[in-house]
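Quick note: the coordinates plus some simple rules give every number you see, no bench work behind them. From a predicted model like this one, the values you see are computed outputs, not experimental measurements.
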Amino acid sequence: MMWTYILKLVIMLPLVCGLMIGCLYLWRRLESRMPGKPTARTIAVRETMMISPGVKLAVVDFEGRRLLVSVNRAGVTLVDKSDARVPTDFGQ
C-alpha cells in the first residue's frame, strides 16, 4: 500500500513539475503575441505626487493638453489646465 503511494509520487511529481515548467516556457514565448498595449494612446499620466494621505496631484496629458488634477476620496477635481500644446509622444 505504501509502495504504490511512493511509486505514484515518483512518477507524478516530475510529470507535474515538467508541465509547470512547460507552461511557463510557452507563456514567455507567446506573451509578446498577446494583445496588449495599444500603440497610439490618447491619455497619459505623466507624474503623480502625494500631497497628504488620501490626496494626490496628477499631471495628465490628454489630446495634446496638459491637465493638473487632484485625486482624493471624494473624486477627481481639475486644478489647472495648460492650453499650450504639448508633444504627444505616447508611444514610449
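Some notes on this structure:
- Stretch gain in nm, segment T4-V79, where the contour uses 0.36 nm per residue and the Cα spacing is subtracted: 19.9 nm
- Gained length - M49 relative to C23, 0.36 nm times residue gap less alpha-carbon distance: 5.4 nm
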